[in-house]
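First comes the structure, then the notes that go with it.
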Amino acid sequence: MTQFDNSYARLPDRFFTRIAPERAPAPEMVLWNAPLAAELGVADWDAEICAGNVIPDGADPIAQVYGGHQFGNWSPQLGDGRAVMLGEVVTDKGRFDIHLKGAGRTPYSRNGDGRAWIGPVLREYIVSEFMHAVGVPTTRALAAVRTGGRVQRERAYPGGILVRVAASHIRVGTFQYFTAREDYEAVRLLTDHARARHFPQATNTLEFYQEAVHAQARLIAKWMGLGFVHGVMNTDNMAVSGETIDFGPCAFIDGYSPKAVYSSIDTHGRYAYEQQPSMAHWNLAQLGSCFVPQLEDELGGQQQAIDALTEVLNSFPALYQAEWRKVFGAKLGIADAEEDDVALIQDLLGLMAKDGADFTNTLRGLLDDSARDWLLDREAFDHWSARWAERRAPAWQEIVAGANPAVIPRNHRIEEAIQAALEGDDSKATRLAEVLSHPFDLAGADRDLGLPPREDQMVHMTFCGT
């Protein structure tokens with residue numbers, strides 16, 4: 001039986017608006033995550049519940065308010081413009097928000113229709129569940145539902161709803177919203193709520209900030225290890241829990257380029273692959289500024305608060321570099337990567353960038369000597385490989401196999417699945433979701449999903465999930 005305990009909805013009314021999802025005309029389940037449903041105690045939910053037509057007992061639907069910096073520009077009020085949080089489910093593994101993304105208009109919709117179309121819904125389902133399968137902290141997908149209605153964008157598309165599951169939907173932008181209004185009581189309430197929920201080991205505001213900084217360092221390092229480009233790292237898309245959230249124009253690199261950008265709206269490369277660590281650092285600076293007023297009281301003055309927060313913020317680069325070494329060291333079969341191993345890692349990445357080598361298959365190919373085949377300068381790779389052999393752990397193959405997926409959500413495969421779904425064929429999306437749920441084990445019949453795109457299949461641009 002589903003057990004709801006809606007702690008966020010017990011915060012003051014200015015944190016959200018109570019609102020029911022808009023009715024979907026004819027809901028139809030497209031993808032259903034049965035293992036996750038069992039964990040959450042919602043195995044009996046159907047398309048009517050997942051579309052918001054039926055509100056389960058104990059739920060308390062709300063739309064959350066927040067602000068944020070979007071591509072560096074401040075937006076004082078954003079919020080759940082096309083999503084409704086049903087409530088929080090409590091399990092033996094913790095507390096989880098259940099969120100209906102694409103559930104209709106809310107007071108924060110601005111001029112939008114509050115709906116989503118099935119393409120972005122399938123993209124987020126497939127990518128977020130892959131991220132979970134490879135051990136990246138992430139929001140998850142319980143269901144993808146076709147609403148039976150149409151959504152007007154550049155043309156009419158089938159409507160869709162994603163049922164998203166998260167440790168919470170508290171964002172950097174949530175703190176910014178109240179700070180901008182000088183509502184410091186709300187910031188303190190939010191801090192206490194988020195601290196108890198995500199970092200109970202933190203005993204005060206500064207320790208909470210330390211935990212949030214370290215969580216982001218771990219997260220971004222894992223993104224980098226997959227060649228993942230989030231595409232829209234605005235502060236309203238950064239969860240303080242350290243989970244990946246809001247898979248809009250995201251993509252995974254095929255031919256490696258540190259400057260890879262896929263988002264159609266990122267015209268200046270602000271959120272390019274190589275920029276992601278510095279953008280996380282920038283976002284964390286915005287979060288830290290929200291804590292100055294309450295730390296003034298805790299530490300005895302504004303300058304003391306600023307100095308303490310700055311020290312924590314400045315710890316991010318070293319924390320990130322340590323996590324990056326751990327991630328990429330494992331990808332090369334190095335058990336405990338040290339500072340001296342950075343040059344070895346960077347030299348391989350440099351060879352890959354020079355040749356535009358496939359990111360995933362080159363690194364996975366270290367297992368069976370096929371990495372060399374993905375590079376043009378094979379003599380340079382042979383010299384590198386001799387150095388690498390001196391640093392590999394005795395059980396290096398096991399480490400490499402567990403750190404490098406054999407298959408990723410290729411951009412062209414996702415687009416194929418979306419196009420098929422628009423024609424009423426959900427089999428490609430179903431197949432992708434199934435294969436990517438065990439991405440380290442690519443069976444013979446599915447080996448085509450591990451191949452990079454041909455020239456005529458390449459997807460150079462992705463779009464926000466509107």
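Between the residues Thr310, Thr462, Ala285, the greatest Cα displacement towards the positive end of the dipole of the chain, with unit charges on the Cβ of Lys, Arg, Asp and Glu, is found for Thr462.
Highest average first, the peptides 360-369, 198-207 ordered by how many other beta carbon atoms sit within 10 Å of their residues are 360-369, 198-207.
If R0 equals 35 Å, the separation of the Cβ atoms of Asp44 and Ala196 corresponds to a calculated FRET efficiency of about 0.70. Treating only the Cβ atoms of Lys and Arg (+1) and Asp and Glu (-1) as charged, compute the dipole magnitude of the range 413-466 about its Cα centre; round to the nearest 20 debye. The dipole magnitude comes to about 120 debye.
Charge dipole (Cα centre; +1 on Lys/Arg Cβ, -1 on Asp/Glu Cβ; no other charges) of the chain amounts to roughly 940 debye.
For Met279, the accessible surface of its heavy atoms amounts to roughly 20 Å² (probe 1.4 Å, protein chains only, rounded to the nearest 10).
Using a/c under 1.5 as the rounded threshold, could you call the range 157-272 rounded, prolate or oblate? The axes a ≥ b ≥ c are square roots of the C-alpha gyration tensor eigenvalues, and prolate needs a/b larger than b/c, oblate otherwise. Since a/c reaches 1.5 and a/b is larger than b/c, the shape of the range 157-272 is classed as prolate. Summed over all non-identical Cα pairs, the Kirkwood treatment of the range 229-276 gives a radius of 11.1 Å.
For the range 386-428, the solvent-accessible area with a 1.4 angstrom probe is 47 square angstrom per residue. Coordinate range of the alpha-carbon atoms in the range 1-116 per principal axis, descending: 42, 32, 25 Å.
If only the Cβ of Lys and Arg carry +1 and only the Cβ of Asp and Glu carry -1, the dipole of the range 70-197 around its Cα centre is close to 420 debye. In the chain, Cα pairs under 8 Å separated by at least six residues give a relative contact order of 15 percent. Summary of the geometry: the range 366-383 and the range 1-78, compared by the centres of their Cα atoms, lie 48 Å apart.
Over the range 374-451, the reciprocal of the mean inverse Cα-Cα separation, the Kirkwood hydrodynamic radius, stands at 15.1 Å. A Förster radius of 45 Å, combined with the Cβ-Cβ distance separating Leu451 from Thr91, puts the computed FRET efficiency at roughly 0.75.
If R0 is taken as 22 Å, the Cβ-Cβ distance between Ile55 and Arg14 corresponds to a FRET efficiency of 0.40. A crude spin-label estimate for the pair Arg387 and Ala318, with each label 7 Å from Cα along the Cβ direction, gives 2.6 nm. For the chain, adding -39500 (n - 2.57) for each run of n ≥ 4 DSSP H residues and dividing by the number of residues yields -12000 deg cm²/dmol at 222 nm. Within the set of other residues whose C-beta is less than 11 Å from the C-beta of His132, count the net charge using Lys and Arg as +1 and Asp and Glu as -1. The answer is -1. For the set Val145, Val54, Val292, the ranking by accessible area, highest first and with no ligand, DNA or RNA atoms included, is Val54, Val292, Val145 under a 1.4 Å probe. The lysines within cross-link reach of Lys331, meaning a Cα-to-Cα straight distance under 24 Å and a gap of 8 or more places when in the same chain, are Lys222, Lys259, Lys354.
Put simply, when 66-77, 163-174 are sorted by average Cβ atoms within 10 angstrom per residue, most first, you get 163-174, 66-77. Grab the other residues whose beta carbon is less than 11 angstrom from that of Tyr184, score K and R as +1, D and E as -1, and report the net. Net charge in that neighbourhood comes out at -3. For the listed peptides 444-453, 175-184, a ranking on the average number of other beta carbons within 10 Å per residue, highest first, reads 175-184, 444-453. Shape annotation for the chain: C-alpha extents along the principal axes are 65, 61, 43 Å, from largest to smallest.
Farthest toward the positive end of the dipole of the chain, out of Pro439, Met352, Gly81, is the Cα of Gly81, where the dipole comes from beta carbon charges about the Cα centre. When the charge dipole of the chain is built from unit charges on Cβ atoms (+1 for Lys and Arg, -1 for Asp and Glu) and taken about the Cα centre, the candidate among Val407, Trp396, Leu375 whose Cα reaches farthest toward its positive end is Val407.
The values are calculated or read from the model by the stated rules, or taken from the named source; none is laboratory data. Keep in mind that this is a model prediction, so the values were computed, not measured. Note that we place each Cβ from the backbone using ideal geometry, even for glycine, and neighbour counts take in every protein chain shown. Note: areas computed on protein heavy atoms with side chains; ligands, DNA, RNA excluded. Shrake-Rupley method; radii C 1.70, N 1.55, O 1.52, S 1.80 Å.
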